[in-house]
1. Using a basic spin-label model with each label point 7 Å from the Cα along Cα→Cβ, how many nm lie between LYS452 and MET500?
2. Per residue, how much accessible area does the stretch 260-316 have with a 1.4 Å probe, in Å²?
3. Per residue Cα convex hull volume for the stretch 488-550, in cubic angstrom?
4. What nm value, rounded to one decimal, do you get for the distance between LYS135 and ARG481 when each label is placed 7 Å out toward the C-beta?
5. Multiply the residue separation of ARG406 and TYR545 by 0.36 nm, subtract the distance between their alpha-carbon atoms, and state the gained length in nm to one decimal.
6. Let me check I have the definition right: for the stretch 173-295, take the eigenvalues of the Cα gyration tensor, multiply each by 5, take square roots. What are those semi-axes in whole Å, largest first?
7. Express the carbon and sulfur contribution to the solvent-accessible surface of the stretch 257-385 as a percent, rounded to the nearest whole number, probe 1.4 angstrom.
8. Of HIS486, HIS526, which has the most accessible area and how do the rest follow, probe 1.4 Å?
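The values are calculated or read from the model by the stated rules, or taken from the named source; none is laboratory data. Given the structure is predicted, the values throughout are model-derived calculations rather than measurements. Heads up, the Cβs are rebuilt from the backbone with ideal geometry, glycines too, and the neighbour counts pull from every protein chain shown. In case anyone asks, the SASA skips ligands and DNA or RNA and just uses the protein heavy atoms, side chains included. Shrake-Rupley method; radii C 1.70, N 1.55, O 1.52, S 1.80 Å.
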Amino acid sequence: MEIVNNPVSSCSKDHQKIYQEWFNFSDSDGDGRITGNDATKFFSMSNLSRQDLKQVWAIADSKRQGYLGFKEFVAAMQLISLAQAGHEISPDLLDGNSKFFKFTLVTYLVYLDGQIDFQNLQLPVMEDLEKQLKKKRAKSSDPDLNGSSQGQPSPSANWFSSKSSKKISLSSVTSIIDGLKRLYINKLKPLEVTYRFNDFVSPLLANSDFDAKPMVMLLGQYSTGKTTFIKHLLKSSYPGAHIGPEPTTDRFVVVMSGTDERSVPGNTVAVQADMPFSGLTTFGTAFLSKFECSQMPHPLLEHVTFVDTPGVLSGEKQRTQRAYDFTGVTSWFAAKCDLILLLFDPHKLDVSDEFKRVIYSLRGHDDKIRVVLNKADQVDTQQLMRIYGALMWSLGKVLNTPEVVRVYIGRNFDPNLFIMHNNKSSACDSSFNDKPVNEVASGPIGKELFEKEQEDLLTDLKDIPKKACDRRINEFVKRARAAKIHAYIIGHLKKEMPAMMGKAKTQQRLTDNLADEFLKIQREFHLPAGDFPNVDQFREILTGYNFDKFEKLKPKMIQAVDDMLGYDIPDLLKSFKNPYD
């Protein structure tokens, strides 16, 4: 069963060499990225209309990164060739094809793959390109025009390891993510280091945190179908996966792309600079021994990483304490993940004390949470109605929000709706719980309900890669706001300390009355109450510090972060929007 994943593989070897030469020519700074300015100059040789080129860019840069890599460049060239041949380049072409597919580069090529022979697709006609290439060849004494299609690594990879305090200029930025790295190093990181944000809230960010693929975390009690869910998305088991009615997953497992199938121990994963898990070292060896990374080559994992978690304890087992901070770990992953799935099944609706603590730890990430009532085809329609009501009642007491949480009803899960296949692929009958749908119990109404719920859930999942850049910006802004509030708190506590006598008593008084101090800071600086951290958690961390060692509030640092939020980030987004807008 063929999976369409790489536009480069869909064209001939001769065309790949030509596209590589074109790519190198259009890449003005040689960093392996075609920016909007590069694209407008190069694409203009096609003599297509501005509207057609706007659609080409929108499809090729479906993840809205602000640049084209080699794969995206090849796809853009193929689309230009199709447009020159008279094909309409429009998302509307997909409307009649499949109501399941959101519009992305891969789905567009899948759609066309059933109608067009990409192996024999003609090269686009680029006016005067050959003349310019001959001039470039003549100037170059030792040209390397058949280089790797992967491009050169971004210069931003060295920004985090550089010991130089020199400011990184805007000219070094060729993508939105690189722009966020620059802003973090120049403006936000100095504030975090000065006021020890990494000790109180979150570890300092590394290059790998910005470049990490989108992550989906699955949480729930044992045997609710977490590992089976991942298995069916991948259409195979990942290394180290165990499925059974008993609690089988006893560790946190990150399932990600790799060159071969293997399991990497947690201590090794945490020290690898190219993986975004160095912050987990704060939870100690007890946790890292219960953490591992499963790597395998899979087209889906090139776009999304999954986090499989141990079953949340319930009943008598809750009295056995884990050797590590389980809720702390889930909270850490929640901040990194793009989507969080809470799985229930009809026979495990109770929210245990540990599950309640886990859900509380997800506060601040409500927009990422999706609830899945799995294995719902094991009960009839009347029972499902009662179970759904009971689940909503239980969640209402735990989530403590006036909004109604979205609950998906899970049963048959067809991975062909998620992984993009060509027209030769056939449907596959599978389910969240490895059992065929019980049509006798669910009836025709239940079957239709399950199908619609499945479509909605898969829509959320398929949107993750496309929204990854937007999510990264959102998390960056949230972190900046939290760091600014933290700086105000630390600066205030330092200001309240006496110069000479009574320091211990003053520190104890400030710690005991921390809620009142938060209120003072809020009123003095006109800050929103919702941005302040949890009082009890903050107080617990404060007990290990001497307030007299804290830094005073530095208005210039606060102003730098305000300027970043108010001007730099909007300007960054404006710089890397569709160049044809």
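1. Result for the modelled spin labels: 7.7 nm.
2. Working: 2170 Å² over 57 residues.
With the other protein chains kept in place, the stretch 260-316 gives 38 Å² per residue.
3. Numbers: hull volume 4.8 nm³, N = 63.
Roughly 76 Å³ of hull volume per residue.
4. 5.1 nm
5. Result for the pair: 45.9 nm of gain on full extension.
6. Numbers: eigenvalues 196, 61, 35 Å².
Gyration-tensor ellipsoid for the stretch 173-295: 31, 17, 13 Å.
7. With neighbouring chains kept in place, the figure for the stretch 257-385 is 49 percent.
8. HIS526, HIS486
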